[in-house]
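Take a look at the following structure, please.
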Amino acid sequence: MYKIIITCAVCGAETTREDNPNLPLSPEEIAESAYDAYERGASILHLHVRDTKGGPTQDKEVFRQVIELVRKKCNMVIEVSTGGAVGMTPEERLQPLELDPEMASLDCGTVNFGDDYFVNTLPFIREGASLMKSRGIRPTLECFDISHVDTAKLMIKEGLVSPPLHFGIVLNVPGGVRYDSQALGFFVQRLPEDSMFTVMGIGGRASLQSVYGALASGGHIRQGLEDNIYYSKGVLADSNGQLVERAARIAREMGCEIASPDDVREMLEV
Ligand code: KMH
Ligand code: ZN
């Protein structure tokens, strides 16, 4: 039995306090919420940051501040987002890579994002991949569509991404591929041999389904208020840690061991 990695996506770029009043926004709140998630089983922090008004920013100085605060508390692996928020420029989005984090998300294609669309052109993906390669940053190859898996394979063929491979299969973004076990199975089947993957389900139902889906298909788990604001139908989550704790409990009940940050470093060679 492999060790299960739990990533916590603590605030994202789009979730607001109106959606869930427990959303962490300031650097201190984000770091505190990440630490709570770590104590309850998370080993990777998927990190977005917010400006002083609570809006999304890719300002590397804010990332630096949060990373320093997290580092004072625990040794979680930090995966910075290069997705940022819909509408941000490529230059803006890639800024946090300058901090040489251990990991970063690399979104492998364009997708509807509610009434918006999230743009990831081939030149942008190549630029992100080559920056990550030159800086020794392990990408999480986020795929919202099967074509994105093929794009990730193209990056591998072009020598811009190399093993160990870690994919993020992102299902149920409004306007994207809906979550169901057949869709998840098809994605998994299309991944290169020996890939590791984390399943991300957006929205309350899909997020909980993704925990079971990951465990059933040999993948890893992501939870957090970026993906889902609910604990159960109509009941808001009281924290990121609460969602992580449930996922860790389910994984343990299925006989799995939860990976520590150092296990992640070994598994993903970060
Ligand atoms: N906020 C979304 C538009 C990522 O972190 O790489 C993109 C996103 C993906 O969250
Ligand atoms: Zn994200």
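Trypsin sites (Lys or Arg not before Pro), restricted to segment 190-270: which are DSSP loop and have at most 12 other Cβ atoms within 10 Å? Can you show the working numbers first?
Values: sites: R190, R205, R222, K233, R246, R249, R252, R265; in loops: K233.
Filter output for segment 190-270: K233.
For the chain, what's the relative contact order in percent, using C-alpha pairs closer than 8 Å and at least 6 residues apart?
So the answer I get is 24 percent.
Determine the principal axes of the Cα atoms in segment 96-203, then give the extent along each, sorted from largest to smallest and rounded to whole angstroms.
36, 32, 22
Run down the lysines and flag those whose C-alpha is under 16 Å from the C-alpha of K153, throwing out any fewer than 8 positions away in its chain.
Within the straight-line cut-off, K153 pairs with K133.
Of D36, D116, which has the most accessible area and how do the rest follow, probe 1.4 Å?
Order by accessible area, largest first: D116, D36.
On to the next question. In a GNM of the chain with a 10 Å cut-off on Cα contacts, which of V80, V170, V161 has the highest mean-square fluctuation?
V161
Roughly how far apart, in whole Å, are the Cα centres of segment 197-248 and segment 1-53?
13 Å
Please compute the contact order of segment 1-102 in relative form: average sequence separation of alpha-carbon pairs under 8 Å and at least six residues apart, divided by the residue count, as a percent.
Relative contact order of segment 1-102: 28 percent.
Given all pairs of different Cα atoms, what value in angstroms does the Kirkwood hydrodynamic radius of segment 3-268 take?
17.9 Å
How much accessible area per residue does segment 155-268 have, in Å², with a 1.4 Å probe?
43 Å²
The values are calculated or read from the model by the stated rules, or taken from the named source; none is laboratory data. Model, not experiment: these values are computed from the prediction. Methodologically, a virtual Cβ is constructed for each residue, glycine included, from the backbone with ideal geometry; neighbour enumeration extends over all protein chains shown. The area values use the complete protein model at the heavy-atom level, side chains included, leaving out ligands, DNA and RNA. Shrake-Rupley method; radii C 1.70, N 1.55, O 1.52, S 1.80 Å.
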